[in-house]
1. Give me the net charge of Gly133's neighbourhood, meaning all other residues with Cβ under 10 Å from the Cβ of Gly133; Lys, Arg count +1, Asp, Glu -1.
2. Please compute the volume of the convex hull spanned by the alpha-carbon atoms of segment 281-343 and report it per residue in Å³.
3. Answer with one residue from Ala213, Val142, Ser244: the one whose Cα lies farthest towards the positive end of the charge dipole of the chain, charges on Cβ with Lys, Arg +1 and Asp, Glu -1.
4. With +1 assigned to the C-beta of every Lys and Arg and -1 to the C-beta of every Asp and Glu, and no other charges, what is the dipole magnitude of segment 202-350 about the Cα centre in debye, to the nearest 20?
5. With everything on Cα atoms, drop me the angle between helix 49-73 and the longest principal axis of the chain, reported from 0 to 90° to the nearest 10.
6. Applying 1/(1 + (r/R0)^6) with R0 = 22 Å to the Cβ-Cβ distance of Ser197 and Asp248, what FRET efficiency is obtained, to the nearest 0.05?
7. Taking segment 201-358 on its own, what percent of its Cα-Cα pair distances exceed 22 Å?
8. In percent, what relative contact order does the chain have, based on Cα pairs under 8 Å that are 6 or more apart in sequence?
Amino acid sequence: MNIDTYQNPAPRDTAAAPRRFRLAMALALACCATACSVSVGFGDGDGHGDDGASHAEALDASASALDTLMLLAGPGLGLADEPARLPAQETPPRALVADLLNWVEFSAPRRNNAIAMTGGRFVADQTVACDSGTVRVRAVFVNNVRFDSGDTIELSTQNCRRGNLRFTGSLQLRAIQANGYPGISAAWDGRVGADFSAWRIATVALPVQALTAEGSATLEVQRTGPFDTKLRFDSAQLSVDPSSADRDRPRRTLESVLINVEATAVSQTVSADLRLADAAFSDEPLRRLRVQSTGSLTQNRTPPAYPLGRLAVGFADGGIVHVEALDATRLRLDIDRNGNGGIDSTRSTSWTELRSRL
């Protein structure tokens with residue numbers, strides 16, 4: 001798997017040499033006396049020495065990739081937001097992609113009370129009560145009947161609690177293409193641009209799980225019923241700051257993001273392709289990852305469940321770990337040390353163990 005070169009974010013601890021580097025130096029010094037050769041890369045084996053480091057890297061990369069995918073596509077706000085915490089058909093949903101759809105459908109009907117302005121456009125400036133707190137909706141609509149290309153909406157939240165979630169920050173929406181009545185009709189389609197500015201989604205229930213998003217994205221929507229929806233989310237670059245139990249984790253910078261979600265009342269499938277830079281990692285192979293689903297991951301919505309399926313997580317040095325989520329407890333990691341298609345070692349793990357790596 002080819003990983004493009006790019007500017008990495010600064011690691012959290014630049015003073016501490018990674019375990020792989022220390023081991024490589026020790027081996028190199030030993031080889032000076034014995035005339036041996038050393039190859040340092042994404043290792044394989046049974047979990048000892050350099051092989052142990054390779055399995056640790058596989059676990060860390062898998063945890064970061066799955067956590068990021070769940071922040072974007074659910075069911076919860078990352079690995080720590082266990083599906084057992086989630087009510088079925090939660091509204092609004094807590095993952096970023098489905099949440100963006102919900103805010104489009106929340107704000108588009110505000111055109112009904114918009115004021116006609118010179119030039120034929122309609123302007124709305126409303127402060128809307130949430131379950132607690134408020135959200136200010138400022139919008140310019142092309143017409144006061146239906147969602148239309150050229151509509152712009154700005155949402156500014158003030159500690160807005162809706163259902164089981166609390167929102168802060170601002171979100172700007174712009175209709176690129178639209179057909180129908182979002183929030184009024186169960187069937188509509190469109191393409192919407194979104195700009196996230198310190199946009200934070202947090203659970204009300206303790207321990208608090210949250211994400212803060214910064215950047216731009218585009219959402220394509222094909223809704224054919226109350227629960228039947230196809231979504232395509234893409235972003236050239238997006239930063240996500242996860243938080244778990246009020247502990248902020250290092251920033252993740254996402255590039256070339258493409259997420260496809262197909263949802264029904266009982267389940268959804270997710271496919272993903274993105275580049276991930278997790279500032280938690282100082283070891284070079286881990287600082288630049290390529291995350292791709294192999295086919296689609298499937299998850300139940302009633303009741304909510306972990307996504308099941310297979311991801312390929314590519315390393316900067318060419319290694320790949322194939323992560324297969326088998327059920328609500330178990331996962332398997334197949335390690336391809338050189339990215340040549342062969343499986344050099346396999347490791348079993350669990351959702352609990354991956355959560356502990358974050």
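1. On the way: positive: Arg161, Arg162, Arg166; negative: Asp131.
Once positives and negatives cancel, what remains is +2.
2. Numbers: hull volume 6.0 nm³, N = 63.
Considering the Cα atoms of segment 281-343, their hull volume per residue is 95 Å³.
3. Checked the options; the winner is Val142.
4. Working: 17 positive and 19 negative charges, 40 e Å.
Dipole size: approximately 200 debye.
5. Helix 49-73 sits at roughly 0 degrees to that axis.
6. Numbers: r = 18 Å, r/R0 = 0.81.
About 0.80, to the nearest 0.05.
7. Numbers: 6410 of 12403 pairs.
Here the long-distance tail beyond 22 Å is 52 percent of all Cα pairs in segment 201-358.
8. On the way: 881 pairs, mean separation 52.1, N = 358.
Relative CO of the chain lands at 15 percent.
Where a number appears in this text, it was derived from the coordinates with a stated rule and is not lab data. What you see is a predicted model; the values in this text were computed from it and never measured. Methodologically, a virtual Cβ is constructed for each residue, glycine included, from the backbone with ideal geometry; neighbour enumeration extends over all protein chains shown.
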